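None of the figures in this text is laboratory data; all of them are computed from the coordinates on show. Note that this is a predicted model, so its numbers are computed, not measured. As a convention, Cβ positions derive from the backbone with ideal geometry for all residues, glycine included, and neighbour counts pool all protein chains shown.
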Amino acid sequence: MELRHLRYFIAVAEQLHFGQAAEMLGIAPPTLTVQIQQIERTLDAQLFTRTKRSVALTQAGEAFLVEARAALEQFERAVNIGRRAGRGELGRVKLGFVGSAAFSGVLQQQVRAFREARPHVFIDTHEFPMDELPALLEDGRVDIAFVRMPVELSTSLRTHVLLRDRFCAAVPAEHPLAQADAPIRSRLFAGEHFVVPEQREGTFEVGRRGRFSPQIVSAPGGLVSVLTDVSLGVGVAIVPNVLTKAVDVPNVVYKEIAGGPIASEVTAVFRRFERAPAVKSLIDQITRTPAQAA
């Protein structure tokens, strides 16, 4: 028995007239009669009683009608779900991010816009150490990563810049550098103890400009932990400038660094040949988003 048999049976059961049901289905009445007889033979049950003037459901027909309708509705629901999933309207997307992506707001902007456009797609977000994210993407454990560049990536991954930022200095409030009115020259950081975030490029660039090797005394990982160490007087830190607007930690002062900006970017990273429709939909949204300036 095929789905068309269920449709034929339901049409006759609702019309209780073979001619009207056949016209509605677009087939000849004799053909419809043959189809109903096939169903009855398959079920080994009479579904209709027929006279010259009327058609009525038997008890078996009434019972079968309930299940036939449910089966057809379930099939149509499955087809609809499959089509919506194929369009990227259903599914699950796993996002990995580093702290500065959240502090900058680009993570929230992308998730909010996607949820408005695809409310039935589940977004699973989780913070990871930045150096783990490329491997997680390649292994399929993360679908899209929000990182702070530069990060070493394989050719199987591609990127889209969402935010152009720069680095600044975070120093303890009692530190002499906190009292400076002008941006701090890189050479003035020579001899300081450094607390470094995951993205160390800003720290090393300050060292290159000031012609010294940064003395790293702490590498706590996340930016909040970095700022906590600074507030405790462990050392100074070179951090993303977005923190000046997003995170206010007691006893921490943010200062500009003299010279050209030490640039850094918050970037979305994803697989070059993504197949999952829901993930592809979010990637399409991301790649249509122009980069913001911090």
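Points worth noting:
- Summed over qualifying helices (DSSP H, 4 residues or more, each -39500 (n - 2.57)) and divided by its residue number, the chain shows a 222 nm mean residue ellipticity of -12500 deg cm²/dmol.
- Electrostatic bookkeeping for Leu157 treats Lys and Arg as +1 and Asp and Glu as -1; over the other residues with beta carbon under 13 Å from its beta carbon, the sum is -2.
- Between His126 and Ala258, the distance separating the two model label sites (each 7 Å from Cα on the Cα→Cβ line) works out to 4.6 nm.
- The stretch 1-152 shape via C-alpha gyration tensor axes, a/c threshold 1.5: prolate
- Eligible lysines near Lys94 by straight Cα distance, threshold 18 Å, same-chain separation 8 or greater: Lys280
- Exposure proxy ranking, count of Cβ atoms within 10 Å, fewest first, for Ile10, Ile286: Ile10, Ile286
- Across the stretch 3-86, C-alpha contacts under 8 Å between residues 6 or more apart give a mean separation that, scaled by the residue count, equals a relative contact order of 28 percent.
- In percent, rounded to a whole number, the relative contact order of the stretch 166-261 is 46, using alpha-carbon pairs under 8 Å and six or more apart.
- The relative contact order of the chain comes to 22 percent, based on Cα pairs under 8 Å that sit 6 or more residues apart.
- In the stretch 235-279, trypsin sites (Lys or Arg not before Pro) in a DSSP loop with at most 15 other beta-carbon atoms within 10 Å: Arg272, Arg275
- Kirkwood-Stokes translational diffusion coefficient of the chain, alpha-carbon pairs, 37 °C, 0.692 mPa s, µm²/s: 137 µm²/s
- Between Arg185 and Thr155, residue separation times 0.36 nm minus the direct Cα-Cα distance comes to 7.1 nm.
- Whole-percent P(r), the stretch 166-261, all Cα pairs, 10 Å bins from 0: 18, 59, 23, 0.
- Its Kirkwood hydrodynamic radius, worked out from the mean inverse distance over all distinct Cα pairs, puts the stretch 87-242 at 17.3 Å.
- Shape call, the stretch 18-61: gyration tensor on alpha carbons, a/c limit 1.5: oblate
- Considering only the chain, percent of DSSP beta bridges that pair antiparallel, nearest 5: 60 percent
- Taken one residue at a time, the phi angles of the stretch 64-79 give Karplus couplings (6.51, -1.76, 1.60, θ = phi - 60°) of 5, 4, 4, 6, 5, 4, 5, 5, 5, 5, 5, 4, 5, 5, 5, 4 Hz. Gly and Pro are set to x.
- Low-density loop cleavage sites - trypsin sites (Lys or Arg not before Pro) in the stretch 23-99, where at most 10 other Cβ are within 10 Å (DSSP): Lys52, Arg53
- Residue order, fewest to most surrounding Cβ atoms within 10 angstrom, among Asp143, Asp131, Asp181: Asp181, Asp131, Asp143
- Taking other C-beta atoms within 10 Å as the exposure proxy, Met1, Met130 rank Met1, Met130 from fewest upward.
- Overall form of the stretch 3-86 per C-alpha gyration tensor (a/c, 1.5; a/b vs b/c): prolate
- Chymotrypsin sites (Phe, Trp or Tyr not before Pro) restricted to DSSP loop in the stretch 188-294 with at most 11 other C-beta within 10 Å: Phe273
- Using the average count of surrounding beta-carbon atoms within 10 Å as a protection proxy, the listed peptides 195-201, 12-18 rank, highest first, as 195-201, 12-18.
- Residue-span extension gain [Arg208 to Gln46] - 0.36 nm each, minus C-alpha spacing: 49.3 nm
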